[in-house]
Every structure is written in structure tokens, then in C-alpha cells.
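Structure record follows, encoded as C-alpha cells.
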Amino acid sequence: MNDSIQAILWDNDGVLVDTEHIYFRATQSVLTEAGVSLDADDYRRHFLTGSSGAWHLAAERGFGADQIEEMRQRRNDLYAETLRRSDPAIEGVRDVLQALQRSFRMAIVTSSRRRHFEIIHERTGFLRYFEFVLVREDYSKSKPDPAPYLTAVARLGLPTDACLVIEDSERGLRAATAAGLRCWVIPTELTRDGNFSAADRILTSISEVPRLLPADRENR
């Protein structure tokens, strides 16, 4: 029941900010320089359904561990540079967070590295609405493993049935359901072909979230 929800755990990339395509392009650019192909379907499969990443594609072409680490660092630097020139906030997010902040405890659970996360939110102003943030360095295994969400639930000190996850990808949905959490999915252009049969709801816009929750309870 929605009226039992006390906390909302938000994914970041694709839900609050439109950054996934930037990460894809940065990864694609570095791999292309090395003669390795990565198209949108490859990205969906390796990054948004599972968590293998794409560096094994370079390894299959004979690149060694040191070379791949250098590629990874170039990708990370390119992603950071592009983020600094971007305004990734998704339209309507601020209004949604303002509508929900007095009724629900809220946190971000993201696979982003801390460096990139901080750059993303230098100008969004979104972080004021959240009790805490968990980035990739804050838990043992990344999504689709349940570790990120289990870590968040433990920090909240709430039962799993009091928490709701908002995700955009199959990988995130799998992490949430493996943690025993309800999950609503808002597919994006990159994730819309995912298998979301396990989702409790599939939404078309983040603006639907407040309308579907009893947000008239102050200071829960």
C-alpha cells in the first residue's frame, strides 16, 4: 500500500538528471579511438541491464590491463569535462522534490562515482532535498546487486516495506527487487526496451510520482 511508504530512494542518472547519454558518448568515444565499436544496444546490454561495462570488449581486441585502465581514466576525464559544460537537470524534478520533501524521507542511491556526482549537482540545487546520498564508493557491489539499496535501508533504519525506489533501468529495478523493495520505473530513451515486468509501476514522467503518493503527511 502506498500509504505505508515513509522513504523514497531515488536513482540519479536518468531519473533526476539526464546524464546517461553523456556517459555513453564518452565511453563510445574512447573505445572508438582504440578501434572498438560500442553502439547504443551494446551500451544498454553492458551498462543498463547488467553491470559488466564495456572494457572487456577492448580486452577481446588484445588490449592489456594497463592500457584499459588508461582508457577508463580518459573516459572518466572526458565525462567530467562534458558534465561541467552541461545543465543535466531533468525538467520538473525540482517541483517534484519540493512537493515530497515534507512528507517523505528521501535519499539518492547512485552508481555514479563521487567525483562525477559532485560535478553533476554543482548547479542543480537538488541535494538540499535529500537526507543522504550513496555513491559508488559507499557500498560493496554495484547494481544490479542489492547492496546499494540494502545499505540505504540500513542507514534509514526502516523496514523494507516502508521504502519506495524510483529507477529508470532494468539494472536498477533488479537491484531494488533483490533488496525486497517496491520499485517504480520511469524508462528513458536508452532504457525503454528493458524488461520491467517486476516493477510495481511504470511511469511516463517523474511528475506522476507526487500524484500517486499520499503527500499530505507532514514530517513523517
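The values are calculated or read from the model by the stated rules, or taken from the named source; none is laboratory data. Note that this is a predicted model, so its numbers are computed, not measured. Because the Cβ atoms are built from the backbone with ideal geometry, glycine has one as well, and the counts that use them run over all protein chains shown. Heads up: the accessible areas ignore ligands, DNA and RNA and are worked out on the full protein's heavy atoms, side chains in. Shrake-Rupley method; radii C 1.70, N 1.55, O 1.52, S 1.80 Å.
Below are the figures for this structure:
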{"item": "Meets criteria (under 28 Å from Arg102 (Cβ atoms), in contact (Cβ under 8 Å) with a residue 12 or more places away in the chain, in a loop (DSSP other than H, G, I, E, B) and not charged (D, E, K, R)) for Ser142", "result": "no"}
{"item": "Any chance Gln73 is part of a helix (DSSP H, G or I), modelled with pLDDT of 95 or more and open to solvent by 60 Å² or more (accessible area, probe 1.4 Å)", "result": "yes"}
{"item": "Listing of helices (runs of 4 or more DSSP H) fully contained in region 147-217 that carry 1 or more residues being within 19 Å of Gly50 (Cα to Cα)", "result": "147-156, 170-178"}
{"item": "Sole exception among (1) exposed (fewer than 14 other Cβ atoms within 10 Å of the Cβ); (2) assigned to a loop (DSSP other than H, G, I, E, B) for Arg128, by number", "result": "(2)"}
{"item": "Tabulated pairs, region 26-44, first in contact (Cβ under 8 Å) with a residue 60 or more places away in the chain, second in a helix (DSSP H, G or I), C-beta under 6 angstrom, 6+ apart or interchain", "result": "Tyr43/Phe24"}
{"item": "Selected residue (criterion: farthest from Asp18 (Cα to Cα)) from residues of region 85-117 that are in a helix (DSSP H, G or I) and within 14 Å of the chain's Cα centre (by Cα)", "result": "Arg114"}
{"item": "Residues that are over 22 Å from Pro148 (Cα atoms) and buried (at least 21 other Cβ atoms within 10 Å of the Cβ), drawn from region 94-124", "result": "Val96"}
{"item": "Subset of region 158-202 [surrounded by fewer than 22 Cβ atoms within 10 Å (Cβ to Cβ), under 20 Å from Thr19 (Cα atoms) and charged (D, E, K, R)]", "result": "Glu189, Arg192, Asp193"}
{"item": "Condition met for Leu9 (touching a residue at least 24 places away in the same chain (Cβ under 8 Å) and within 23 Å of the chain's Cα centre (by Cα))", "result": "yes"}
